[in-house]
Amino acid sequence: MGGQGGQNLPYGCLATLFLLKGKAPLLYHKLTWDGPWDLHPRDLANLTRYISTQKEQPVTWQTVPVTATLDEWREAPILYISTEEKIDFTDDQKEKLRRFTERGGTIFFEATCGNRNAKAWWEGLCEELWPQYEFQRVADDHPLWTADVTVPAGRRPMLYGLSDSLRTFVFLAPNDLSCSWNTLGTTRNAETFLVGYNLYAYASDKQPIRRQLSGRVAP
């Protein structure tokens, strides 16, 4: 194509892609901090691509710093934390984790590569923040396993959760799920993708996820 219209075509295509992807529902926030927060850099990119394909609808994720405001954290229904070591949260940041769940948010914590020290640290932190609740194994009849798709009973990864009897607001994965997401292991480890798929359905109660760039509804 020639002329002015041909020159503007690439910019028009980019603008269309921005509107398509930029307004896609945001399912996951990946927490960042001053430390090794990105051990599996393609985990959520591959997971949300998988979910987009299965739902035939664009969905996305993004990083969020530990220093961001609570409202910024709440842009996504799930706050994903993956680490192999203790994170030095300040008291204000710990309080923000608690308030995030109180406002309906769900935390998915993974002890990356099955690191026992990371698991023990997180359990201790949760005992500090939610002392009235104890981690329990996610039972076979928990709605997570069938929230949108069915995770086969014999392939379900081990998960623990904190529940207030109405909902599980913190999930703990003591073994690695993100490695499969990172390597796009949808055949060998399909169950890990099904869990990631169901997490958003469970955390949102299957309600429509607010699109990015849209106005926020007051709590």
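The values are calculated or read from the model by the stated rules, or taken from the named source; none is laboratory data. Here the structure is a predicted model, which is why all the values come from computation and not from measurement. Quick reminder, even Gly has a Cβ in these numbers, built from the backbone with ideal geometry, and neighbours come from all protein chains shown. Each accessible area value is taken on the protein alone, full model and side chains, heavy atoms only, with ligands, DNA and RNA left out. Shrake-Rupley method; radii C 1.70, N 1.55, O 1.52, S 1.80 Å.
Across the stretch 182-198, the qualifying residues are those that are of a type outside the set (A, V, I, L, M, F, W, C), closer than 19 Å to residue 61 by Cα and in a helix (DSSP H, G or I), and the one among them that is most open to solvent (accessible area, probe 1.4 Å) is 183.
Whenever a residue of the stretch 139-150 is under 10 Å from residue 195 (Cβ atoms), its partners that are of a type in the set (Ser, Thr, Tyr) and outside any loop (DSSP other than H, G, I, E, B), lying with C-beta atoms within less than 9 angstrom and at least six residues away or across chains, give the pairs 144/168; 144/202; 147/197; 147/200; 147/202; 149/197.
Is it the case that some residue within the stretch 107-114 is more than 20 Å from residue 43 (Cβ to Cβ) and either free of Cβ contacts under 8 Å to residues at least 12 places away in the same chain or out of contact with any strand residue (DSSP E or B) (no Cβ under 8 Å at 6 or more places or on another chain) (or both)? No, because not a single residue in the stretch 107-114 is more than 20 Å from residue 43 (Cβ to Cβ) and either free of Cβ contacts under 8 Å to residues at least 12 places away in the same chain or out of contact with any strand residue (DSSP E or B) (no Cβ under 8 Å at 6 or more places or on another chain) (or both). The strands (runs of 3 or more DSSP E) falling completely within the stretch 55-131 that include 2 or more residues that are within 17 Å of residue 34 (Cβ to Cβ) map to 60-65, 78-83.
For the stretch 176-190, which residues satisfy the criterion of being in contact with a His (Cβ under 8 Å, 6 or more places away or on another chain) and over 16 Å from residue 115 (Cβ atoms)? Working first, answer last.
Initial filter on the stretch 176-190 (in contact with a His (Cβ under 8 Å, 6 or more places away or on another chain)): 178-179, 181-182.
Listed by number, the list holds a single entry, 181.
Within the stretch 116-144, being more than 24 Å from residue 86 (Cβ to Cβ), among the aliphatic types (A, V, I, L, M) and exposed (fewer than 14 other Cβ atoms within 10 Å of the Cβ) holds for one residue alone: 139. All but one of (1) out of contact with any Lys or Arg (no Cβ under 9 Å at 6 or more places or on another chain); (2) farther than 22 Å from residue 130 by Cα hold for residue 63; state the number of the condition that does not hold. If we test residue 63 against (1) out of contact with any Lys or Arg (no Cβ under 9 Å at 6 or more places or on another chain); (2) farther than 22 Å from residue 130 by Cα, just (1) comes out false.
Within the stretch 168-178, count every residue that is open to solvent by 60 Å² or more (accessible area, probe 1.4 Å) and at pLDDT 95 or above.
Start the filter on the stretch 168-178 by keeping residues that are open to solvent by 60 Å² or more (accessible area, probe 1.4 Å), which leaves 175.
Now restrict to residues that are at pLDDT 95 or above: none.
Selection size over the stretch 168-178: 0.
One residue is enough: does the stretch 74-94 have a residue meeting the conditions within 20 Å of residue 195 (Cα to Cα), open to solvent by 20 Å² or more (accessible area, probe 1.4 Å), among the basic types (Lys, Arg) and modelled with pLDDT of 95 or more? There is no residue in the stretch 74-94 that is within 20 Å of residue 195 (Cα to Cα), open to solvent by 20 Å² or more (accessible area, probe 1.4 Å), among the basic types (Lys, Arg) and modelled with pLDDT of 95 or more.
For residue 156, are the conditions met, namely being modelled with pLDDT of 95 or more, out of contact with any helix residue (DSSP H, G or I) (no Cβ under 7 Å at 6 or more places or on another chain), open to solvent by 40 Å² or more (accessible area, probe 1.4 Å) and basic (Lys, Arg)?
Working: modelled with pLDDT of 95 or more: yes; out of contact with any helix residue (DSSP H, G or I) (no Cβ under 7 Å at 6 or more places or on another chain): no; open to solvent by 40 Å² or more (accessible area, probe 1.4 Å): yes; basic (Lys, Arg): yes.
Judged against the criteria, residue 156 is not a match.
Give the residue that is nearest to residue 109 (Cα to Cα), with candidates limited to residues of the stretch 47-73 that are among the hydroxyl-bearing types (Ser, Thr, Tyr) and surrounded by 18 or more Cβ atoms within 10 Å (Cβ to Cβ). Working first, answer last.
Start the filter on the stretch 47-73 by keeping residues that are among the hydroxyl-bearing types (Ser, Thr, Tyr), which leaves 48, 50, 52-53, 60, 63, 67, 69.
Add one more test, that the residue is surrounded by 18 or more Cβ atoms within 10 Å (Cβ to Cβ), and what stays is 48, 50, 60.
On the way: 48: 17, 50: 20, 60: 19 Å.
Once the filter is applied, the top-ranked residue is 48.
I'd like the full set of residues that are in a helix (DSSP H, G or I) and either within 9 Å of residue 47 (Cβ to Cβ) or of a type in the set (Ser, Thr, Tyr) (or both), limited to the stretch 166-181. So that I can check it myself, show each step before the final result.
Pass one, the stretch 166-181, residues in a helix (DSSP H, G or I): 178-181.
Listed by number, the residues that qualify are 178, 180, 181.
For the stretch 36-46, does any single residue satisfy the condition of being small (Gly, Ala, Ser), open to solvent by less than 10 Å² (accessible area, probe 1.4 Å) and out of contact with any Cys (no Cβ under 6 Å at 6 or more places or on another chain)?
Of the stretch 36-46, the ones small (Gly, Ala, Ser) are 45.
Within this subset, residues satisfying the condition of being open to solvent by less than 10 Å² (accessible area, probe 1.4 Å) are none.
No, that holds for no residue.
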